Amino acid sequence: MRMRKAKALSALALLSAAALAIAGCAPGNTAAPSANPEDQNSLPSTAWVRADASDVKDGGTLTLAVDSMPVNWNNFQIDGNEANTNNIVAAMQGGPIRIGEDGKPIVDQNYASSVELTSSDPQKVEIKLNPDAKWEDGTPITVADYQATWKANNGSNPAYVVISTTGWDQISSVEQGTDQFDVVITFSSVFADWQSLFGQVLPASVANDPNTFNTGYLTKALPSSGPFKLASFDSTAGVATLEPNPNWWGAKPKLDSVVFRAVSQAQQGTSFSNGEIDALNISSNADLYQTAQNVPGAEIQASNGLTWTHITMRASSGPLADVNVRKAVASIVNRGQIANNANSPVGVPAITQGSYIFMPGQDGYTDDSLPYDVDAGTKYLEAAGYTKDGDSWTKDGTALSFKVTVPADTTTNIQRAEQIQADLAEVGIPVELVSVPVGSYFSDYIIKGDFEMVTFSWQGTAYPISSSRSLFTPVDSAQNYTGIADPRLDALWAKANSELDPDARLQTAQEIDKVLWESVPIIPIAPLPNVYAVKQGLVNWGATQFETIDWTIVGFANS
């Protein structure tokens, strides 16, 4: 199942169906990962096999599975904000900032010689673009593209259906410096995660027109600015084939092609066993883990991750509009059992997620979560005005019950929903599981708010404080699917995102966490380490927490 996932380098959150989650859980550029290996659960940040370019074969095809094909190839548009889309687009796009193994932003010399904070009052950033960088048609990448991307995303024109205006709406100008390759960006107020905005840029030809931005790339890819471009796309068969971009100015890619196939999660294990795909995203799927162990030569990798599973509640109406009912659900659902069921069978630590912003083991992480306590849960129900009537909880003559909307053929999501169903049934709250097509799970149900409860995953970025804001506030944020927003959050997030001192910023982030646990719009469940099985010999691709993939050296090792 698709997951909403924040774009790898942006201050955005992203949905995913394999784990069914969205994003913003990695340390920000002012908050480094913990150096304590115990905090990191003894897993590395990157677990793939590294190889120098000289040790990678020339040629070959890498075939990867996605749950479904993009419904919009523009990953700045809300419908394009999915893990599948970003995973495909990543080989075709890039920008001045990439992320290293340690989670810190670094300058990508393919796109810029320097990216510098030149002033703090007012905040100014100067980007010296690589004059060799160009779009797929040979047009140079210039300040005009940055100006157009800013204007499309800053919220000034509501015709653009963007993922989030965070950061973009704090820019007052994007101007040319000494020439068209010198970009000078001035902020109207301090934005601490400024680097998050420069992992990718849109062509001015796309960003200058809202219709092109919103619907121009439903069936085709954005113009490439990376080492690969889209060679063909068969939406009926669910196959996208990438080939080297002839106008790519950097190191020549090792692979001849990269093929992405839409394969349901239920079929991916069989596809990997049959050699139809070269890698398998195991996530927390025990069956896939066992399947991979029986594939000759398959290598299993596990790294720390940015994905956390959760329950999102539509809290704008119905019983879940009462915070005490939400707290009851959070107390009655056994998050520890769900974590154990998910992680232990695939050989990774089983721990619960206690923060809305940070992942366990990261600076700033604190666990302020409501503990598993059924008695406390029943007291919350009583505080909400419910009474136990036989086997049911009733209020004003109506029995309390819930519906959890689940994507068909998505094992991990369904298993999580079944555990929620069982836990609530134990105390007399029936839960109906409503199965919907996986391809429209996000677009027709979650994004439209047509659900009572859903359980998917958020997949984060290296900028968690700014990227997580749009999940919770404002109430009409494109990524806030809860239908509510605590009135305290806007001021707290504004404070955190305008604070350049890392310690003070972390303190404010922890205040935000406490407010969220008081209002419980979402119930965090468990962090999911990245667990992959890859074909023997595949190098420079696989399980990683932060690191940006260098698609020029992805391939198969020389024998």
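The values are calculated or read from the model by the stated rules, or taken from the named source; none is laboratory data. Keep in mind the model is a prediction, meaning the values are calculated, not measured. So basically every Cβ, Gly included, is an ideal-geometry build from the backbone, and we count neighbours across all protein chains shown.
Filtering segment 374-397 down to residues that are under 19 Å from Val323 (Cβ atoms) and polar (S, T, N, Q), which residue is surrounded by the fewest Cβ atoms within 10 Å (Cβ to Cβ)? Steps first, please.
Filtering segment 374-397 down to residues under 19 Å from Val323 (Cβ atoms) leaves 374-387, 393, 395-396.
Of the ones still in play, those that are also polar (S, T, N, Q) are 378, 387.
On the way: Thr378: 18, Thr387: 10.
Per the criteria, the residue is Thr387.
Only one of Ala496, Ala533 is within 26 Å of Val348 (Cα to Cα) and either small (Gly, Ala, Ser) or over 21 Å from the mean Cα position of the chain (by Cα) (or both); which? Walk me through how you get there before you give the answer.
On the way: Ala496 fails: within 26 Å of Val348 (Cα to Cα).
On inspection, the qualifying residue turns out to be Ala533.
Conditions: (1) surrounded by fewer than 22 Cβ atoms within 10 Å (Cβ to Cβ); (2) over 16 Å from Asp423 (Cβ atoms); (3) at pLDDT 95 or above; (4) not aromatic (Phe, Trp, Tyr). Asp367 meets all but one. Number of the miss?
Only one criterion in (1) surrounded by fewer than 22 Cβ atoms within 10 Å (Cβ to Cβ); (2) over 16 Å from Asp423 (Cβ atoms); (3) at pLDDT 95 or above; (4) not aromatic (Phe, Trp, Tyr) is unmet by Asp367, namely (3).
When both residues are 6+ apart or on different chains and their Cβ atoms are under 9 Å apart, which pairs have a first residue that lies in segment 131-158 and is free of Cβ contacts under 8 Å to residues at least 24 places away in the same chain, and a second that is among the β-branched types (Val, Ile, Thr) and assigned to a strand (DSSP E or B)?
Note: pairs meeting the criteria are Asn154/Val162; Asn154/Ile171; Gly155/Val162.
Got a sec? Which of Ala315, Ala339, Ala302, Ala330 is of a type in the set (Gly, Ala, Ser), over 30 Å from Gly269 (Cα atoms) and either free of Cβ contacts under 8 Å to residues at least 12 places away in the same chain or not in a loop (DSSP other than H, G, I, E, B) (or both)?
Being of a type in the set (Gly, Ala, Ser), over 30 Å from Gly269 (Cα atoms) and either free of Cβ contacts under 8 Å to residues at least 12 places away in the same chain or not in a loop (DSSP other than H, G, I, E, B) (or both) holds for just one of Ala315, Ala339, Ala302, Ala330, which is Ala330.
Just to confirm my filter: which strands (runs of 3 or more DSSP E) fall fully inside segment 392-486 and include at least 3 residues that are touching a residue at least 12 places away in the same chain (Cβ under 8 Å), of a type in the set (A, V, I, L, M) and in the same structural domain as Gly336 (by TED's automatic domain parsing)?
In segment 392-486, 431-436 are the strands (runs of 3 or more DSSP E) which contain 3 or more residues that are touching a residue at least 12 places away in the same chain (Cβ under 8 Å), of a type in the set (A, V, I, L, M) and in the same structural domain as Gly336 (by TED's automatic domain parsing).
Among the residues of segment 267-306, write down those that are modelled with pLDDT of 95 or more, under 19 Å from Gly347 (Cα atoms) and among the acidic types (Asp, Glu).
Glu299
What is the residue count in segment 307-337 for residues that are within 23 Å of Ser468 (Cα to Cα) and either among the β-branched types (Val, Ile, Thr) or modelled with pLDDT under 95 (or both)?
Matching residues across segment 307-337 total 7.
Only residues in segment 197-220 that are of a type in the set (D, E, K, R) count as the first member; pair them with residues that are assigned to a loop (DSSP other than H, G, I, E, B), Cβ under 9 angstrom, at least 6 apart or cross-chain, and list the lot.
Pairs that qualify, where the first residue is of a type in the set (D, E, K, R) and the partner is assigned to a loop (DSSP other than H, G, I, E, B), are Asp209/Gly216; Lys220/Trp73.
If you scan segment 236-250, which residues turn out to be more than 27 Å from the chain's Cα centre (by Cα) and touching a residue at least 40 places away in the same chain (Cβ under 8 Å)?
Residues satisfying the conditions are Asn247, Trp249, Gly250.
Across segment 248-266, which residue is surrounded by the fewest Cβ atoms within 10 Å (Cβ to Cβ) among those that are modelled with pLDDT of 95 or more and of a type outside the set (A, V, I, L, M, F, W, C)? Write out each step before concluding.
Restricting attention to segment 248-266, the residues satisfying the condition of being modelled with pLDDT of 95 or more are 248-263.
Still in the running and of a type outside the set (A, V, I, L, M, F, W, C): 250, 252-254, 256-257, 261.
Values: Gly250: 19, Lys252: 10, Pro253: 25, Lys254: 23, Asp256: 13, Ser257: 17, Arg261: 19.
Going through the qualifying residues, I end up with Lys252.
Give Gly155, Gly80, Gly95 a once-over and let me know the one that is farther than 23 Å from Asp182 by Cα and in contact with a helix residue (DSSP H, G or I) (Cβ under 7 Å, 6 or more places away or on another chain).
Gly155
Quick one: Leu538 ticks every box in (1) touching a Lys or Arg at 6+ places or on another chain (Cβ under 9 Å); (2) buried (at least 20 other Cβ atoms within 10 Å of the Cβ); (3) touching a residue at least 40 places away in the same chain (Cβ under 8 Å) except a single one, so which number is it?
Going through the list (1) touching a Lys or Arg at 6+ places or on another chain (Cβ under 9 Å); (2) buried (at least 20 other Cβ atoms within 10 Å of the Cβ); (3) touching a residue at least 40 places away in the same chain (Cβ under 8 Å), Leu538 breaks only (1).
So which residues in segment 434-445 are crowded, with 24+ Cβ neighbours inside 10 Å and either acidic (Asp, Glu) or in contact with a Leu (Cβ under 7 Å, 6 or more places away or on another chain) (or both)?
Across segment 434-445, the qualifying residue is only Phe442.
For segment 444-502, how many residues meet the condition of being under 24 Å from Pro122 (Cβ atoms) and among the charged types (D, E, K, R)?
Counting residues in segment 444-502 that are under 24 Å from Pro122 (Cβ atoms) and among the charged types (D, E, K, R) gives 5.
Considering each of Phe556, Phe546 in turn, give the residue that is in contact with a strand residue (DSSP E or B) (Cβ under 8 Å, 6 or more places away or on another chain) and buried (at least 24 other Cβ atoms within 10 Å of the Cβ).
Phe546
Quick check on this structure: which one of Leu222, Leu218, Leu202 is more than 30 Å from Asn558 (Cβ to Cβ), modelled with pLDDT of 95 or more and surrounded by fewer than 20 Cβ atoms within 10 Å (Cβ to Cβ)?
Just one listed residue meets the conditions, Leu218.
Of the numbered conditions (1) modelled with pLDDT under 95; (2) surrounded by fewer than 24 Cβ atoms within 10 Å (Cβ to Cβ), Gly483 satisfies every one except a single condition; which is it?
Tallying (1) modelled with pLDDT under 95; (2) surrounded by fewer than 24 Cβ atoms within 10 Å (Cβ to Cβ), Gly483 fails exactly one: (1).
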